[in-house]
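Chemist: Let me begin by handing over the structure; questions about it come next.
The values are calculated or read from the model by the stated rules, or taken from the named source; none is laboratory data. Given the structure is predicted, the values throughout are model-derived calculations rather than measurements. Positions of Cβ are generated from backbone atoms using ideal geometry, with glycine treated the same way; all protein chains shown enter the neighbour counts. Areas reflect the complete protein model, heavy atoms only, side chains present, ligands, DNA and RNA absent. Shrake-Rupley method; radii C 1.70, N 1.55, O 1.52, S 1.80 Å.
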Amino acid sequence: MLERGDVANSWRRERWDSLRLLTPNWQSRLPGVRYEGPDPDGYMTVGEVSEFIERFAVVSRAPVRTGANVTSVRRADGGYHVATSRGEIRCQAVVIASGACNQPSVPQFKDAVPSSVEQLTPFDYRAPAKLPDGGVLVVGASATGVQLAAELQRSGRPVTLAVGEHVRLPRMYRGRDVLWWMDVSGVWDQRYDEVDDLTRARRLPSPQLAGTPERTTLDLTALASMGVELVGRWAALRDGRALFSGGLRNMFSLADLKLRRLLDTFDEWARAHGHDAEAGPPERLAPTYVPESARLQLDLRSGEIRAIVWATGFRPDYGWLDVPVVDAKGQLRHQGGVVDSPGLYALGLPVLRRRRSTFICGIEDDAREVIDHLTRYLAAHR
Ligand SMILES: Cc1cc2nc3c(=O)[nH]c(=O)nc-3n(C[C@H](O)[C@H](O)[C@H](O)COP(=O)(O)OP(=O)(O)OC[C@H]3O[C@@H](n4cnc5c(N)ncnc54)[C@H](O)[C@@H]3O)c2cc1C
(Lines give C-alpha, C1' and ligand atoms only; values in the text may rest on other atoms or scores of the structure.)
Protein backbone atom coordinates (compact mmCIF):
# COMPACT_ATOMS: atom_id res chain seq x y z
CA MET A 1 0.00 0.00 0.00
CA LEU A 2 1.55 3.21 -1.15
CA GLU A 3 0.63 6.52 0.54
CA ARG A 4 2.26 9.81 -0.39
CA GLY A 5 1.71 11.34 3.06
CA ASP A 6 0.84 9.68 6.36
CA VAL A 7 -2.02 7.29 7.13
CA ALA A 8 -5.30 9.29 6.91
CA ASN A 9 -3.50 11.96 4.89
CA SER A 10 -6.64 13.56 3.42
CA TRP A 11 -8.15 13.92 6.91
CA ARG A 12 -4.95 15.44 8.29
CA ARG A 13 -4.17 17.89 5.48
CA GLU A 14 -7.26 18.68 3.46
CA ARG A 15 -10.04 19.45 5.97
CA TRP A 16 -11.06 22.58 7.90
CA ASP A 17 -10.74 22.87 11.71
CA SER A 18 -14.39 22.59 12.78
CA LEU A 19 -15.37 19.76 10.40
CA ARG A 20 -17.14 16.79 11.88
CA LEU A 21 -18.27 13.74 9.95
CA LEU A 22 -21.83 14.02 8.74
CA THR A 23 -22.20 10.27 9.27
CA PRO A 24 -22.97 9.29 12.90
CA ASN A 25 -20.35 7.46 14.98
CA TRP A 26 -22.14 4.10 14.86
CA GLN A 27 -21.86 4.27 11.07
CA SER A 28 -18.06 4.59 11.18
CA ARG A 29 -17.08 0.98 10.71
CA LEU A 30 -14.20 -0.72 8.95
CA PRO A 31 -13.45 -4.45 9.05
CA GLY A 32 -12.51 -5.24 12.67
CA VAL A 33 -12.80 -1.62 13.86
CA ARG A 34 -15.93 0.23 14.89
CA TYR A 35 -16.80 3.16 17.13
CA GLU A 36 -16.91 2.01 20.75
CA GLY A 37 -17.08 5.34 22.61
CA PRO A 38 -19.88 6.75 24.77
CA ASP A 39 -21.68 8.71 22.02
CA PRO A 40 -22.72 6.40 19.15
CA ASP A 41 -25.15 9.02 17.82
CA GLY A 42 -22.50 11.80 17.78
CA TYR A 43 -20.23 12.84 14.90
CA MET A 44 -16.43 12.47 14.86
CA THR A 45 -14.12 15.46 14.67
CA VAL A 46 -11.36 15.46 12.05
CA GLY A 47 -8.83 14.41 14.71
CA GLU A 48 -11.02 11.50 15.78
CA VAL A 49 -11.42 10.34 12.16
CA SER A 50 -7.62 10.36 11.69
CA GLU A 51 -7.20 8.31 14.90
CA PHE A 52 -9.93 5.90 13.78
CA ILE A 53 -8.22 5.27 10.43
CA GLU A 54 -4.83 4.96 12.13
CA ARG A 55 -6.29 2.35 14.49
CA PHE A 56 -7.60 0.45 11.47
CA ALA A 57 -4.14 0.51 9.85
CA VAL A 58 -2.70 -1.07 13.02
CA VAL A 59 -5.50 -3.63 13.60
CA SER A 60 -5.57 -4.74 9.96
CA ARG A 61 -1.75 -4.83 9.85
CA ALA A 62 -1.94 -3.10 6.49
CA PRO A 63 1.51 -3.02 4.86
CA VAL A 64 1.47 0.76 4.35
CA ARG A 65 4.51 2.42 2.84
CA THR A 66 4.09 6.10 3.79
CA GLY A 67 5.86 9.00 2.06
CA ALA A 68 5.64 7.06 -1.21
CA ASN A 69 4.19 9.34 -3.86
CA VAL A 70 3.11 7.44 -6.98
CA THR A 71 4.31 9.47 -9.94
CA SER A 72 3.46 7.03 -12.74
CA VAL A 73 1.58 3.79 -13.39
CA ARG A 74 1.95 2.26 -16.83
CA ARG A 75 1.36 -1.06 -18.57
CA ALA A 76 4.51 -3.21 -18.79
CA ASP A 77 5.10 -6.93 -19.50
CA GLY A 78 1.43 -7.89 -19.09
CA GLY A 79 1.28 -6.11 -15.72
CA TYR A 80 2.13 -2.65 -14.43
CA HIS A 81 5.21 -0.59 -13.76
CA VAL A 82 4.74 1.78 -10.84
CA ALA A 83 7.16 4.65 -10.28
CA THR A 84 7.16 6.19 -6.79
CA SER A 85 9.23 8.70 -4.84
CA ARG A 86 10.55 5.65 -2.93
CA GLY A 87 11.53 3.45 -5.86
CA GLU A 88 9.93 1.36 -8.59
CA ILE A 89 7.61 -1.60 -8.40
CA ARG A 90 6.47 -4.18 -10.95
CA CYS A 91 3.16 -5.87 -10.29
CA GLN A 92 0.41 -7.82 -11.99
CA ALA A 93 -2.49 -5.79 -10.61
CA VAL A 94 -3.05 -2.31 -9.20
CA VAL A 95 -5.92 -1.03 -7.03
CA ILE A 96 -6.44 2.71 -7.37
CA ALA A 97 -7.64 3.93 -3.97
CA SER A 98 -6.29 7.45 -4.27
CA GLY A 99 -9.60 9.13 -3.38
CA ALA A 100 -12.44 10.91 -5.17
CA CYS A 101 -11.68 14.35 -3.73
CA ASN A 102 -8.01 15.10 -4.46
CA GLN A 103 -8.58 18.63 -5.68
CA PRO A 104 -11.27 21.28 -5.42
CA SER A 105 -13.29 21.74 -8.58
CA VAL A 106 -13.52 25.48 -9.32
CA PRO A 107 -15.03 27.21 -12.40
CA GLN A 108 -12.55 28.75 -14.80
CA PHE A 109 -13.93 32.27 -14.40
CA LYS A 110 -12.24 32.39 -10.98
CA ASP A 111 -9.23 33.86 -12.83
CA ALA A 112 -11.29 36.96 -13.72
CA VAL A 113 -12.35 37.71 -10.11
CA PRO A 114 -10.99 41.14 -9.07
CA SER A 115 -7.73 40.78 -7.12
CA SER A 116 -9.19 42.77 -4.18
CA VAL A 117 -11.35 39.71 -3.37
CA GLU A 118 -9.59 36.86 -1.58
CA GLN A 119 -10.42 33.39 -2.96
CA LEU A 120 -10.29 30.14 -1.00
CA THR A 121 -11.16 26.53 -1.64
CA PRO A 122 -12.12 24.11 1.15
CA PHE A 123 -8.50 22.88 0.99
CA ASP A 124 -7.20 26.39 1.96
CA TYR A 125 -9.98 27.24 4.39
CA ARG A 126 -9.29 26.48 8.06
CA ALA A 127 -11.42 28.88 10.19
CA PRO A 128 -13.34 32.18 9.80
CA ALA A 129 -10.60 34.17 11.58
CA LYS A 130 -8.24 33.50 8.63
CA LEU A 131 -10.59 35.47 6.31
CA PRO A 132 -10.68 39.26 6.03
CA ASP A 133 -13.55 41.02 7.84
CA GLY A 134 -16.50 41.79 5.58
CA GLY A 135 -18.87 39.97 3.27
CA VAL A 136 -18.21 36.43 2.05
CA LEU A 137 -19.67 34.80 -1.05
CA VAL A 138 -19.89 31.03 -0.58
CA VAL A 139 -20.40 29.27 -3.90
CA GLY A 140 -22.15 25.90 -3.71
CA ALA A 141 -24.79 24.69 -1.25
CA SER A 142 -23.96 21.04 -0.71
CA ALA A 143 -22.44 19.63 2.51
CA THR A 144 -19.29 21.77 2.41
CA GLY A 145 -21.03 24.99 1.29
CA VAL A 146 -23.84 24.91 3.86
CA GLN A 147 -21.43 24.07 6.69
CA LEU A 148 -19.00 26.88 5.82
CA ALA A 149 -21.81 29.39 5.16
CA ALA A 150 -23.22 28.71 8.65
CA GLU A 151 -19.82 28.97 10.33
CA LEU A 152 -18.92 32.22 8.53
CA GLN A 153 -22.31 33.80 9.22
CA ARG A 154 -21.95 32.93 12.93
CA SER A 155 -18.53 34.64 12.91
CA GLY A 156 -20.28 37.94 12.12
CA ARG A 157 -19.45 38.07 8.41
CA PRO A 158 -22.46 38.65 6.16
CA VAL A 159 -22.70 35.60 3.90
CA THR A 160 -24.22 35.33 0.45
CA LEU A 161 -24.72 31.74 -0.69
CA ALA A 162 -24.90 30.90 -4.40
CA VAL A 163 -27.14 27.83 -4.70
CA GLY A 164 -27.12 25.36 -7.59
CA GLU A 165 -28.58 21.85 -7.77
CA HIS A 166 -28.65 20.43 -4.25
CA VAL A 167 -29.88 17.55 -2.10
CA ARG A 168 -32.00 18.62 0.87
CA LEU A 169 -32.10 16.36 3.94
CA PRO A 170 -33.30 16.89 7.51
CA ARG A 171 -30.78 15.78 10.15
CA MET A 172 -33.44 13.80 12.01
CA TYR A 173 -36.52 12.01 10.68
CA ARG A 174 -39.18 10.38 12.85
CA GLY A 175 -36.84 10.42 15.85
CA ARG A 176 -33.84 8.86 14.08
CA ASP A 177 -30.81 10.17 12.23
CA VAL A 178 -31.74 10.46 8.56
CA LEU A 179 -28.73 8.28 7.69
CA TRP A 180 -30.20 5.50 9.85
CA TRP A 181 -33.16 5.56 7.47
CA MET A 182 -30.83 5.52 4.44
CA ASP A 183 -29.19 2.46 5.96
CA VAL A 184 -32.18 0.35 7.02
CA SER A 185 -34.42 1.17 4.04
CA GLY A 186 -31.77 -0.13 1.64
CA VAL A 187 -31.47 3.20 -0.23
CA TRP A 188 -27.75 3.37 0.48
CA ASP A 189 -27.27 -0.23 -0.66
CA GLN A 190 -28.79 0.30 -4.08
CA ARG A 191 -26.26 -1.18 -6.47
CA TYR A 192 -24.59 0.56 -9.40
CA ASP A 193 -26.21 -1.90 -11.83
CA GLU A 194 -29.69 -1.19 -10.41
CA VAL A 195 -29.53 2.62 -10.52
CA ASP A 196 -31.63 4.15 -13.35
CA ASP A 197 -29.15 6.80 -14.45
CA LEU A 198 -25.70 5.83 -13.18
CA THR A 199 -23.88 8.82 -14.69
CA ARG A 200 -26.24 11.16 -12.92
CA ALA A 201 -26.10 9.22 -9.64
CA ARG A 202 -22.30 9.45 -9.72
CA ARG A 203 -22.48 13.23 -10.21
CA LEU A 204 -25.05 13.85 -7.47
CA PRO A 205 -23.86 16.51 -5.00
CA SER A 206 -23.39 15.63 -1.32
CA PRO A 207 -26.46 16.17 0.91
CA GLN A 208 -27.03 19.35 2.93
CA LEU A 209 -26.04 17.78 6.23
CA ALA A 210 -23.77 18.68 9.14
CA GLY A 211 -22.73 16.63 12.14
CA THR A 212 -23.26 18.97 15.09
CA PRO A 213 -23.72 17.97 18.74
CA GLU A 214 -27.18 19.63 18.59
CA ARG A 215 -28.09 17.49 15.55
CA THR A 216 -29.63 20.48 13.82
CA THR A 217 -30.91 20.52 10.25
CA LEU A 218 -28.79 22.76 8.03
CA ASP A 219 -30.94 23.24 4.94
CA LEU A 220 -31.48 26.50 3.06
CA THR A 221 -34.45 27.49 5.26
CA ALA A 222 -32.22 27.15 8.34
CA LEU A 223 -29.46 29.20 6.70
CA ALA A 224 -31.87 31.92 5.60
CA SER A 225 -33.21 32.18 9.14
CA MET A 226 -29.63 32.71 10.36
CA GLY A 227 -29.39 35.68 7.98
CA VAL A 228 -27.55 34.05 5.05
CA GLU A 229 -28.62 35.67 1.74
CA LEU A 230 -29.57 33.08 -0.89
CA VAL A 231 -28.89 33.73 -4.58
CA GLY A 232 -29.01 31.45 -7.63
CA ARG A 233 -26.24 29.47 -9.24
CA TRP A 234 -23.21 31.61 -10.19
CA ALA A 235 -23.50 31.36 -13.96
CA ALA A 236 -20.98 33.91 -15.29
CA LEU A 237 -18.64 36.74 -14.42
CA ARG A 238 -18.84 39.92 -16.52
CA ASP A 239 -16.88 43.13 -15.90
CA GLY A 240 -16.28 42.21 -12.28
CA ARG A 241 -19.93 41.35 -11.69
CA ALA A 242 -21.05 37.91 -10.57
CA LEU A 243 -24.20 36.95 -12.50
CA PHE A 244 -26.56 34.49 -10.81
CA SER A 245 -29.27 32.33 -12.38
CA GLY A 246 -32.88 33.11 -11.55
CA GLY A 247 -35.56 30.51 -10.92
CA LEU A 248 -34.75 29.75 -7.29
CA ARG A 249 -38.36 28.72 -6.68
CA ASN A 250 -38.17 25.95 -9.31
CA MET A 251 -34.80 24.72 -8.12
CA PHE A 252 -35.94 24.61 -4.50
CA SER A 253 -39.22 22.85 -5.45
CA LEU A 254 -37.25 20.15 -7.23
CA ALA A 255 -35.11 19.49 -4.13
CA ASP A 256 -38.28 19.48 -1.98
CA LEU A 257 -39.95 17.01 -4.35
CA LYS A 258 -36.97 14.63 -4.25
CA LEU A 259 -36.90 14.86 -0.47
CA ARG A 260 -40.62 14.01 -0.28
CA ARG A 261 -40.04 10.94 -2.47
CA LEU A 262 -37.16 9.82 -0.27
CA LEU A 263 -39.26 10.24 2.90
CA ASP A 264 -42.04 8.24 1.19
CA THR A 265 -39.52 5.41 0.68
CA PHE A 266 -38.58 5.53 4.38
CA ASP A 267 -42.27 5.50 5.38
CA GLU A 268 -42.99 2.52 3.12
CA TRP A 269 -40.08 0.66 4.70
CA ALA A 270 -41.35 1.49 8.21
CA ARG A 271 -44.84 0.24 7.33
CA ALA A 272 -43.58 -2.95 5.71
CA HIS A 273 -41.23 -3.76 8.60
CA GLY A 274 -43.58 -2.94 11.50
CA HIS A 275 -41.70 0.18 12.62
CA ASP A 276 -44.62 2.60 12.37
CA ALA A 277 -45.58 2.44 16.04
CA GLU A 278 -42.00 2.87 17.26
CA ALA A 279 -41.11 5.67 14.83
CA GLY A 280 -44.23 7.78 15.29
CA PRO A 281 -46.18 9.41 12.47
CA PRO A 282 -44.56 10.38 9.16
CA GLU A 283 -43.28 13.96 9.02
CA ARG A 284 -43.17 16.38 6.11
CA LEU A 285 -40.98 19.48 5.96
CA ALA A 286 -42.35 22.87 4.94
CA PRO A 287 -41.21 23.86 1.43
CA THR A 288 -37.79 25.53 1.34
CA TYR A 289 -37.96 29.24 2.08
CA VAL A 290 -37.69 31.25 -1.18
CA PRO A 291 -36.45 34.84 -0.88
CA GLU A 292 -38.93 37.35 -2.31
CA SER A 293 -36.48 38.83 -4.78
CA ALA A 294 -33.10 37.15 -4.98
CA ARG A 295 -30.32 39.31 -6.38
CA LEU A 296 -29.28 38.41 -9.92
CA GLN A 297 -25.89 40.09 -9.77
CA LEU A 298 -23.28 41.26 -7.35
CA ASP A 299 -20.53 43.78 -8.09
CA LEU A 300 -17.32 42.21 -6.81
CA ARG A 301 -15.48 45.55 -7.15
CA SER A 302 -17.80 47.35 -4.72
CA GLY A 303 -16.05 46.08 -1.57
CA GLU A 304 -19.22 44.35 -0.31
CA ILE A 305 -17.61 40.94 -0.84
CA ARG A 306 -14.12 40.56 0.63
CA ALA A 307 -13.73 36.82 0.12
CA ILE A 308 -15.10 33.99 -2.01
CA VAL A 309 -15.17 30.41 -0.76
CA TRP A 310 -15.49 27.92 -3.63
CA ALA A 311 -17.54 25.02 -2.28
CA THR A 312 -18.17 23.80 -5.81
CA GLY A 313 -17.14 20.20 -5.30
CA PHE A 314 -14.04 18.08 -5.61
CA ARG A 315 -12.52 15.85 -8.25
CA PRO A 316 -9.94 13.10 -8.40
CA ASP A 317 -6.42 13.63 -9.71
CA TYR A 318 -5.09 10.98 -12.09
CA GLY A 319 -2.16 13.04 -13.39
CA TRP A 320 0.12 10.13 -12.45
CA LEU A 321 -1.86 7.46 -14.30
CA ASP A 322 -0.24 6.70 -17.67
CA VAL A 323 -2.92 4.21 -18.75
CA PRO A 324 -5.68 5.47 -21.10
CA VAL A 325 -8.61 4.84 -18.73
CA VAL A 326 -9.61 8.40 -17.82
CA ASP A 327 -12.52 9.98 -19.73
CA ALA A 328 -12.79 13.56 -21.04
CA LYS A 329 -14.34 14.67 -17.73
CA GLY A 330 -11.36 13.35 -15.76
CA GLN A 331 -13.23 10.32 -14.36
CA LEU A 332 -11.95 6.76 -14.37
CA ARG A 333 -13.69 4.38 -16.81
CA HIS A 334 -14.75 1.35 -14.78
CA GLN A 335 -17.55 -1.15 -14.20
CA GLY A 336 -18.15 -1.50 -10.48
CA GLY A 337 -14.46 -0.86 -9.74
CA VAL A 338 -13.13 -3.08 -12.54
CA VAL A 339 -11.19 -0.59 -14.64
CA ASP A 340 -10.98 -0.72 -18.40
CA SER A 341 -7.45 -2.23 -18.37
CA PRO A 342 -6.59 -5.83 -17.34
CA GLY A 343 -5.62 -6.10 -13.66
CA LEU A 344 -6.52 -2.49 -12.85
CA TYR A 345 -9.11 -1.84 -10.12
CA ALA A 346 -10.60 1.11 -8.24
CA LEU A 347 -12.19 1.72 -4.83
CA GLY A 348 -13.70 4.73 -3.06
CA LEU A 349 -15.37 6.44 -6.04
CA PRO A 350 -18.99 7.72 -6.13
CA VAL A 351 -21.53 4.87 -6.51
CA LEU A 352 -18.62 2.56 -7.37
CA ARG A 353 -20.74 -0.50 -6.48
CA ARG A 354 -23.51 0.98 -4.32
CA ARG A 355 -24.79 4.39 -3.26
CA ARG A 356 -22.75 4.35 -0.06
CA SER A 357 -19.44 3.68 -1.88
CA THR A 358 -17.68 6.96 -0.99
CA PHE A 359 -18.58 6.80 2.68
CA ILE A 360 -16.45 5.10 5.32
CA CYS A 361 -19.27 2.60 5.94
CA GLY A 362 -19.34 1.77 2.22
CA ILE A 363 -15.83 0.51 1.66
CA GLU A 364 -16.05 -2.95 3.26
CA ASP A 365 -18.62 -4.51 0.91
CA ASP A 366 -17.13 -2.81 -2.15
CA ALA A 367 -13.60 -3.92 -1.27
CA ARG A 368 -14.71 -7.53 -0.76
CA GLU A 369 -16.34 -7.69 -4.20
CA VAL A 370 -13.53 -5.88 -6.03
CA ILE A 371 -10.83 -7.98 -4.37
CA ASP A 372 -12.81 -11.11 -5.22
CA HIS A 373 -12.56 -10.14 -8.92
CA LEU A 374 -8.88 -9.31 -8.51
CA THR A 375 -8.13 -12.69 -6.89
CA ARG A 376 -9.81 -14.51 -9.77
CA TYR A 377 -7.86 -12.37 -12.24
CA LEU A 378 -4.55 -13.26 -10.58
CA ALA A 379 -5.44 -16.97 -10.43
CA ALA A 380 -6.29 -16.98 -14.14
CA HIS A 381 -3.07 -15.18 -15.09
CA ARG A 382 -0.66 -17.03 -12.87
C1 LIG B 1 -15.07 17.51 3.05
C2 LIG B 1 -15.36 16.05 3.11
C3 LIG B 1 -16.19 15.54 4.09
C4 LIG B 1 -16.48 14.17 4.14
N5 LIG B 1 -17.30 13.70 5.14
C6 LIG B 1 -17.54 12.37 5.22
C7 LIG B 1 -18.35 11.84 6.27
O8 LIG B 1 -18.92 12.58 7.06
N9 LIG B 1 -18.53 10.49 6.34
C10 LIG B 1 -17.94 9.64 5.46
O11 LIG B 1 -18.11 8.43 5.59
N12 LIG B 1 -17.18 10.12 4.44
C13 LIG B 1 -16.98 11.45 4.30
N14 LIG B 1 -16.21 11.95 3.27
C15 LIG B 1 -15.76 11.04 2.26
C16 LIG B 1 -14.36 10.58 2.70
O17 LIG B 1 -13.41 11.23 1.96
C18 LIG B 1 -14.26 9.13 2.60
O19 LIG B 1 -15.17 8.52 3.48
C20 LIG B 1 -12.87 8.57 2.88
O21 LIG B 1 -11.93 9.51 3.32
C22 LIG B 1 -12.42 8.05 1.57
O23 LIG B 1 -11.26 7.35 1.77
P24 LIG B 1 -10.33 6.99 0.56
O25 LIG B 1 -9.19 6.24 1.16
O26 LIG B 1 -11.11 6.34 -0.53
O27 LIG B 1 -9.88 8.40 -0.03
P28 LIG B 1 -8.98 9.52 0.65
O29 LIG B 1 -9.35 9.73 2.07
O30 LIG B 1 -9.00 10.70 -0.26
O31 LIG B 1 -7.54 8.86 0.64
C32 LIG B 1 -6.78 8.71 -0.54
C33 LIG B 1 -5.33 8.66 -0.16
O34 LIG B 1 -4.57 8.46 -1.32
C35 LIG B 1 -3.40 9.24 -1.23
N36 LIG B 1 -2.92 9.50 -2.59
C37 LIG B 1 -3.55 10.17 -3.58
N38 LIG B 1 -2.80 10.21 -4.69
C39 LIG B 1 -1.67 9.54 -4.42
C40 LIG B 1 -0.47 9.25 -5.16
N41 LIG B 1 -0.31 9.65 -6.43
N42 LIG B 1 0.51 8.54 -4.55
C43 LIG B 1 0.37 8.10 -3.26
N44 LIG B 1 -0.73 8.37 -2.52
C45 LIG B 1 -1.74 9.09 -3.08
C46 LIG B 1 -3.82 10.50 -0.51
O47 LIG B 1 -2.73 11.14 0.15
C48 LIG B 1 -4.86 9.97 0.48
O49 LIG B 1 -4.32 9.69 1.75
C50 LIG B 1 -15.92 13.31 3.18
C51 LIG B 1 -15.09 13.82 2.18
C52 LIG B 1 -14.81 15.16 2.14
C53 LIG B 1 -13.93 15.70 1.04
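Chemist: How high is the FRET efficiency between LYS258 and ARG74 when r is their beta carbon distance and R₀ equals 45 Å, given to the nearest 0.05? Let's see the in-between values first.
Modeler: Numbers: r = 42 Å, r/R0 = 0.94.
Efficiency, from the Cβ-Cβ distance: 0.60.
Chemist: Still on this structure: Just to compare against my own numbers: the Cα pair-distance distribution for the stretch 167-233, 10 Å bins, whole % per bin, please.
Modeler: Over the stretch 167-233, the share of Cα pairs per 10 Å bin runs 17, 41, 30, 12, 0 percent.
Chemist: Divide by every residue of the chain the summed helix terms, -39500 (n - 2.57) for each DSSP H run of at least 4, and state the resulting mean residue ellipticity at 222 nm, rounded to the nearest 500 deg cm²/dmol.
Modeler: So the helix-based figure for the chain works out to -7500 deg cm²/dmol.
Chemist: Can you tell me the order of 148-154, 253-259, 93-99 when each peptide is scored by its average per-residue count of other Cβ atoms within 10 angstrom, highest first?
Modeler: Output ranking for 148-154, 253-259, 93-99: 148-154, 93-99, 253-259.
Chemist: While we're looking at this one, here's another question. State the volume of the convex hull built on the alpha-carbon positions of the chain, expressed per residue in Å³ and rounded to an integer.
Modeler: So the per-residue Cα hull volume is 158 Å³.
Chemist: Can you give me the three principal axis dimensions of the stretch 134-193 from its C-alpha atoms, in Å, biggest first?
Modeler: 45, 30, 12
Chemist: In square angstrom, rounded to the nearest 10, how much accessible surface does VAL33 have for a 1.4 Å probe?
Modeler: Rounded to the nearest 10, the figure is 0 Å².
Chemist: Also, quick follow-up: How big is the charge dipole of the stretch 1-150 about its Cα centre, in debye rounded to the nearest 20, if each Lys and Arg gets +1 on its Cβ and each Asp and Glu gets -1 on its Cβ?
Modeler: It comes to approximately 580 debye.
Chemist: Please state the relative contact order of the chain as a whole percent: Cα pairs under 8 Å, 6+ residues apart?
Modeler: 23
Chemist: Separate question: Of the residues GLY240, GLY47, GLY32, which exhibits the maximal mean-square fluctuation in a Gaussian network model of the chain defined by a 10 Å Cα contact cut-off?
Modeler: GLY32
Chemist: Would you work out which of GLY134, LEU220, THR288 lies farthest towards the positive end of the dipole of the chain? Charges go on Cβ: Lys and Arg +1, Asp and Glu -1.
Modeler: Sorting the options by dipole projection puts first GLY134.
Chemist: Please compute the Kirkwood hydrodynamic radius of the stretch 247-382 from all pairs of different C-alpha atoms, in Å with one decimal.
Modeler: 20.1
Chemist: Suppose a student asked you for the relative contact order of the stretch 223-382, using Cα pairs under 8 Å spaced at least 6 residues apart; what percent would you report?
Modeler: 15
Chemist: Could you give the dipole magnitude of the chain about its Cα centre, charging the beta-carbon of Lys and Arg +1 and that of Asp and Glu -1, in debye to the nearest 20?
Modeler: Dipole about the Cα centre, nearest 20: 660 debye.
Chemist: Hey, what did the stretch 169-261 get for relative contact order, percent, Cα under 8 Å, at least 6 apart?
Modeler: 22
Chemist: How large is the dipole of the stretch 212-254 about the Cα centre if only Lys and Arg carry +1 and Asp and Glu carry -1, each at its Cβ, rounded to the nearest 20 debye?
Modeler: 180
Chemist: Let me ask something else. Quick one: what do you get for the stretch 336-377 if you divide its Cα Rg by 2.2 N^0.38 Å?
Modeler: Working: Rg = 9.8 Å, N = 42, 2.2 N^0.38 = 9.1 Å.
The reported ratio for this selection is 1.07.
Chemist: Using a 1.4 Å probe on the protein heavy atoms only, what accessible surface does TRP234 show? Give it in Å² to the nearest 10.
Modeler: My reading of the accessible area for TRP234 is about 10 Å².
Chemist: Sticking to Cα atoms, compute the Rg of the stretch 301-369 to one decimal and its Dmax as the biggest Cα-Cα distance, whole number, in Å.
Modeler: For the stretch 301-369, the Cα-based Rg and Dmax read 16.8, 56 Å.
Chemist: Moving on. Taking a probe of 1.4 angstrom, what is the accessible area of ASP372 in Å², to the nearest 10?
Modeler: The value for ASP372 is about 80 Å².
Chemist: Take the alpha carbon atoms of the stretch 165-197, find their center, do the same for the stretch 284-336, and report the distance between the two centers in whole angstrom.
Modeler: Comparing the Cα centres of the stretch 165-197 and the stretch 284-336, I get a distance of 22 Å.
Chemist: Expressed as cubic angstrom per residue, what is the convex hull volume of the alpha carbon set of the stretch 51-197?
Modeler: Details: hull volume 36.5 nm³, N = 147.
Output value, Cα hull per residue: 248 Å³.
Chemist: In square nanometres, what is the average projected area of the Cα convex hull of the stretch 23-91?
Modeler: That works out to 6.4 nm², a quarter of the Cα hull's surface.
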